[in-house]
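To start, the structure under review is shown below, and the notes come after it.
The values are calculated or read from the model by the stated rules, or taken from the named source; none is laboratory data. Note that the structure is predicted; figures quoted are calculated from it, not measured. Note that each Cβ is placed from the backbone with ideal geometry, even for glycine, and that neighbours are counted across all protein chains shown.
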Amino acid sequence: MPELPGRSRWEAELRRAFQLVGQANAERMMEWMGNPPNPANIPMSFWNALGNGWRDRFEPILMNVYLESAREMVAVSPIEINWTAANENAAKWARSYSFRLVRQINTTTEQRLQTIFDDFFTEKGKTVGDLRRLIEPEVQDLTVRLQDGTLRMLTAKERAKLIATTEVTRASVEGETGIIQQIKAAGIEMVAIWETQMDQKVCPICRPRQGHERGNGWTEPPPAHPGCFCNLRYEPKVRER
């Protein structure tokens, strides 16, 4: 399917969700640590609240992207689609995936914060204000493996943009997949073909996959890496004579 209509709007919503929850919880973290700051004061309820805040915002957005992508696929479907099943699948996937996504983000955030705490308490002359300036971006930032294999921390703005692009791609592909499964159940076999943006920004990971069917250079659908902007095109399978 071509690029998802409204993609920029969904990405903007996800970016706002990441940043708003991160900012709010950075303040709560400073309150929990107290003065003088002590990371041991941060209770498990904080991490639960951080995860719940992200999950509550992510889940409906991911579900809506899934359904919008499904509707685009239905427009070219050769069969009548069961929308009750499509909506149920969208809700189930969004709920399950947002939980996994948040767990990953929380784990990374906690690890990064522990490094900050360790450095803070071993260096002399640091103030509570210094710690606040260190913590606030870290609650929002994320370590990612870039396309060249290197690891680095992203700024809050970079992180929000990268994850928004990645997760809109993922939800869009999932929405298509749900409809493809109904088509397959009706006895029509469809072939998935990898589609890049076919411009200078296409990365070395995705460029070789352009125009290839599943099993020919790739097995897992987009996103192939953080920030992946690819999609899948579907064609009826040609039966061999």
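Residue count for region 223-235 satisfying the condition of being in contact with a Leu (Cβ under 7 Å, 6 or more places away or on another chain) and under 17 Å from M198 (Cβ atoms): 1.
So, of the residues in region 19-51 that are under 18 Å from Q104 (Cβ atoms), free of Cβ contacts under 8 Å to residues at least 24 places away in the same chain and not aliphatic (A, V, I, L, M), which turns out to be surrounded by the fewest Cβ atoms within 10 Å (Cβ to Cβ)? Checking each candidate, the answer is N48. Exactly one residue out of R159, R103 is at pLDDT 65 or above, closer than 24 Å to M63 by Cα, surrounded by fewer than 18 Cβ atoms within 10 Å (Cβ to Cβ) and not polar (S, T, N, Q), and it is R103. In region 64-79, the qualifying residues are those that are under 19 Å from N231 (Cβ atoms) and of a type in the set (A, V, I, L, M), and the one that is surrounded by the most Cβ atoms within 10 Å (Cβ to Cβ) is V65.
Hey, does region 8-21 have a residue that's modelled with pLDDT of 90 or more, more than 24 Å from the chain's Cα centre (by Cα) and in a helix (DSSP H, G or I)? Looking through region 8-21, none of the residues is modelled with pLDDT of 90 or more, more than 24 Å from the chain's Cα centre (by Cα) and in a helix (DSSP H, G or I). Considering only region 214-231, I want to know if a residue exists there that is farther than 26 Å from R159 by Cα and within 21 Å of the chain's Cα centre (by Cα). So far as region 214-231 goes, yes, one or more of its residues are farther than 26 Å from R159 by Cα and within 21 Å of the chain's Cα centre (by Cα).
Against the list (1) in contact (Cβ under 8 Å) with a residue 60 or more places away in the chain; (2) part of a helix (DSSP H, G or I); (3) surrounded by fewer than 17 Cβ atoms within 10 Å (Cβ to Cβ), the condition P5 fails is (2). Residues in region 80-98 that are of a type in the set (A, V, I, L, M, F, W, C), exposed (fewer than 15 other Cβ atoms within 10 Å of the Cβ) and either under 30 Å from M29 (Cα atoms) or in contact (Cβ under 8 Å) with a residue 40 or more places away in the chain (or both): A85 alone.
In summary, E189 fulfils each of the numbered conditions (1) modelled with pLDDT of 70 or more; (2) closer than 27 Å to L62 by Cβ; (3) of a type in the set (D, E) with the single exception of condition (2).
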